[in-house]
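The block underneath contains the structure these notes are about, expressed in structure tokens.
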Amino acid sequence: MSTPHRHDPSALADATGWIAVAFGLLFAAFVAAQLLAGPSSADATVAAHEKAPTSEAKPATVAFVTAARDIPVYQTAMAAPATATRAPALAEQQITEGNLRRNQTLSAALRGQGISAGMVHTIAVGMSPVFDFRYSRPGDSFWLARAANGELSEFRYSRSSIERYALRRIGSGDEAKFVASAYQPKIDVRPTRLAGLVSSSLYEAMRQLGEDGELANDFAEIFAWDVDFSRGVRAGDEFSVLYERRTLVEDGREEYLGPGRILAARYINADDEHNAIYFDNGDDVGGYYRLDGSSVERQFLRAPLNYRRISSNFTSSRLHPILKVRRPHPAIDYAAPTGTPVWSVANGTVIFRGVLGGLGKTVKVRHAGGYVSFYAHLSRFPKGLNVGERVGQKQVVGYVGSTGTATGPHLDFRMQQHGKYLNPASVQAPPGDPITPQLMPEFLGMRDTYLDVLDPQPLRVLTQEAGL
């Protein structure tokens, strides 16, 4: 995405910047025009239901407001290189194909289908610049074409829908040689809107709309600083998301690869409405911002793990469940199964990793602003985590356990600032950097475009009595 020059005060730089802004707005307007176009036979509204009386209404299992609209915007592709000579038609070639079984090498798979040891060697040597078959795994597929005289024409190897490798014969006779390449089929990326109501969980709501858990996880990641999706989700919460749907197009067939980047998101609960807009703020560095251009990201996450419940809150006096004496409990205890990953709530440096008295196995991380976070009663530490190591926000620093003085598996989470304990639930963390004034016009134009698409009509409740 083009962005204005921010440091050159000359008139030429200013003009260039405004041209970039105009280009960005035109692009966003184009996307909106496509998305807001009238529905076609293949793009109809899935369901429209009137809201049931509030006194008798039951929470919807899910409300699907508009169809997932597939509007082509751009494509990505890494086409396989063209050969110098026309390859023989498939009808003139002998085709061998298959998949690797467990504990099976490519050599064994090919030899088992009658391919000579010499041809297997040619393939292994020819493919070595792009792929090492020692890293083959069960399920990998292969496809081999031989000419009528038995010579190798082409070999293809696939590790996934988008990770492909090929070895092709170029030329003929004494001039023939093999060229290896890594390539990717054409991928269509289309903006799609999904909206609904939560019944039990965000994950389940999106799954019932036909999406997998990856989109729900990405959505929760965006609002992780404002919404605790492990505990703060309620039936009737509303969500809407505009995201990129990635579809593999090959041989006239389409295969859905999963969700890509989220462009805009909204979550409405009983307490507040949360909005986020994706914006590239220059140098290919993108992030999510609120409607006023402030950063969605904050210094600290709301919770350091996915948990079942809070078993004990921060308090100045608590009866210890084991010692049977009253003492301060400067922590929040999160009950979770043993082995649940625990992550750092912010970027920082590990300053302690070991056993800390009754806290058992503990990790302490120092953060900017004089903050230190504690993660205690851990069952184990991740490999490679050592004192002095820099860790990123949401990087795993341990796993839930019950070491030390603990009655059961849980995380004892504490925070200090300048040596004084703070209630983690009330820490007001500063936000990240906002949109710069130079980029604000472009951001506002994109924001308004995405909002028009994100919420084109009021959300209407779909109840089980209405036909679900």
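The values are calculated or read from the model by the stated rules, or taken from the named source; none is laboratory data. Predicted model only: the values in this text are computed from it and were never measured. All Cβ positions, glycine included, derive from the backbone under ideal geometry; neighbour counts span all protein chains shown.
Scanning the stretch 199-257 for residues that are of a type in the set (A, V, I, L, M), in contact (Cβ under 8 Å) with a residue 40 or more places away in the chain and out of contact with any strand residue (DSSP E or B) (no Cβ under 7 Å at 6 or more places or on another chain) yields ALA224, ALA235.
Filtered by the rule that a residue be part of a loop (DSSP other than H, G, I, E, B) and surrounded by 15 or more Cβ atoms within 10 Å (Cβ to Cβ), the stretch 110-129 gives a lone residue, ILE115.
Tell me which residues, restricted to the stretch 390-449, are in a strand (DSSP E or B) and not assigned by TED's automatic domain parsing to the domain that holds PRO328.
The first filter runs over the stretch 390-449 and keeps only residues in a strand (DSSP E or B), leaving 390-391, 396-401, 410-417, 420-422, 431.
Scanning the stretch 390-449 gives a single hit, PRO431.
Here is a list: LEU257, LEU248, LEU242. Which entry is aliphatic (A, V, I, L, M), touching a helix residue (DSSP H, G or I) at 6+ places or on another chain (Cβ under 8 Å) and surrounded by 16 or more Cβ atoms within 10 Å (Cβ to Cβ)? Give the steps one after another, and end with the answer.
Working: LEU257 fails: touching a helix residue (DSSP H, G or I) at 6+ places or on another chain (Cβ under 8 Å); LEU248 fails: touching a helix residue (DSSP H, G or I) at 6+ places or on another chain (Cβ under 8 Å).
Just one listed residue meets the conditions, LEU242.
Which is aliphatic (A, V, I, L, M) and under 20 Å from THR349 (Cα atoms), of VAL397, VAL453?
Numbers: VAL453 fails: under 20 Å from THR349 (Cα atoms).
Step by step, each of VAL397, VAL453 is checked, and only VAL397 is aliphatic (A, V, I, L, M) and under 20 Å from THR349 (Cα atoms).
Quick one: how many residues across the stretch 217-268 are assigned to a loop (DSSP other than H, G, I, E, B) and not hydroxyl-bearing (Ser, Thr, Tyr)?
16
Taking the stretch 148-158 as the region of interest, how many residues are modelled with pLDDT of 90 or more and either touching a Ser or Thr at 6+ places or on another chain (Cβ under 9 Å) or under 30 Å from GLY260 (Cβ atoms) (or both)? Total satisfying the criteria: 6. Selection of the stretch 235-254 for residues being at pLDDT 85 or above and basic (Lys, Arg) yields ARG245, ARG246. Within the stretch 378-401, restricting attention to residues that are surrounded by 16 or more Cβ atoms within 10 Å (Cβ to Cβ) and of a type in the set (Gly, Ala, Ser), the residue that is nearest to HIS367 (Cα to Cα) is GLY398. When the test is whether a residue is part of a strand (DSSP E or B) and surrounded by 19 or more Cβ atoms within 10 Å (Cβ to Cβ), PHE374 passes it.
For ARG156, are the conditions met, namely being more than 30 Å from ALA265 (Cα to Cα) and over 33 Å from the mean Cα position of the chain (by Cα)? Let's see the steps before the verdict.
Numbers: more than 30 Å from ALA265 (Cα to Cα): yes; over 33 Å from the mean Cα position of the chain (by Cα): no.
No: the conditions fail for ARG156.
The rows are residues; the columns are (1) buried (at least 21 other Cβ atoms within 10 Å of the Cβ); (2) over 30 Å from GLN428 (Cα atoms); (3) of a type in the set (Asp, Glu); (4) out of contact with any His (no Cβ under 7 Å at 6 or more places or on another chain).
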position: TRP143; (1), (2), (3), (4): no, yes, no, yes
position: ILE162; (1), (2), (3), (4): no, yes, no, yes
position: ARG190; (1), (2), (3), (4): no, yes, no, yes
position: ALA195; (1), (2), (3), (4): yes, yes, no, yes
position: VAL198; (1), (2), (3), (4): yes, no, no, yes
position: ARG207; (1), (2), (3), (4): no, yes, no, yes
position: ALA216; (1), (2), (3), (4): yes, no, no, yes
position: TRP225; (1), (2), (3), (4): yes, no, no, yes
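Scanning the stretch 389-422 for residues that are modelled with pLDDT under 90 and under 15 Å from ALA336 (Cα atoms) yields ALA406, THR407, GLY408.
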